1. Is it true that residue 9 is free of Cβ contacts under 8 Å to residues at least 40 places away in the same chain, under 17 Å from the mean Cα position of the chain (by Cα), assigned to a loop (DSSP other than H, G, I, E, B) and within 15 Å of the ligand (Cβ to nearest atom)?
2. Looking for whichever is more than 25 Å from residue 80 (Cβ to Cβ) and outside any helix (DSSP H, G or I) here; the options are 39, 51, 4. Which one fits?
3. Only residues that are surrounded by 14 or more Cβ atoms within 10 Å (Cβ to Cβ) and farther than 21 Å from residue 6 by Cα: list them for segment 117-149, please.
Amino acid sequence: KKVAIFASGSGSNFEKIMANIEAGYLDNIQVTGLYVDQADAYAIERAKRYAVPVYLFELKTFALKEQYEQAILARLKADKVEWLILAGYMKLIGPTLLKPYEGRILNIHPSLLPSFPGKDAIGQAVRYGCRVSGVTVHYVDVGMDTGTIIDQVACPVYADDTAESLQPRIQAIEYELYSRVIKNII
Ligand code: GRF
């Protein structure tokens, strides 16, 4: 299946997916492009190690979000993309992209949803004093991290954890979980 990966920042989940394609584990998808909304996203550097085109669409260069998403949609359609994989894409998906791809957009989130949607989910869980947190992969709907949950993996939070100490353990879970879900669902 042809997929597009969306990222705004570091892109370590994107890179893990690419590595799992190279390793032959993810033999069900072909990545047509990395879609980024930030010109300084490190994900762009990571894409250079793989033969993946990078498409930069910056919201600020469009008058309306609808036009921004129309431009993205035109590119997706030209490449006959069937599924969207969000990997640290820091924008809500608007109706322009949601309608044609509803039920075929995945997102990964670093908490056990519905706890701690939105930004800094790892920090929120630590500050709350949670003893368990984890990772969720879900379908994307109009809301912020609200779509139907596909799978979750839990992770202990230790009494002396900080967001910085918990983050690598959460991300290690993400890398394994996301590829497994992508293999099973797409
Ligand atoms: C991940 O923690 C993911 O769950 C969240 O954004 C982060 C992206 O990290 N949606 P990276 O850019 O893949 O390193």
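A short reminder: the numbers here are calculations on the coordinates, not readings from a lab. All values reported here derive from a predicted model rather than from experimental measurement. Every residue, glycine as well, gets a Cβ built from its backbone with ideal geometry; the counts of neighbours run over all protein chains shown.
1. No: the conditions fail for residue 9.
2. Answer to the selection: 39.
3. Those that are surrounded by 14 or more Cβ atoms within 10 Å (Cβ to Cβ) and farther than 21 Å from residue 6 by Cα: 123, 124, 125, 126, 130, 133, 134.
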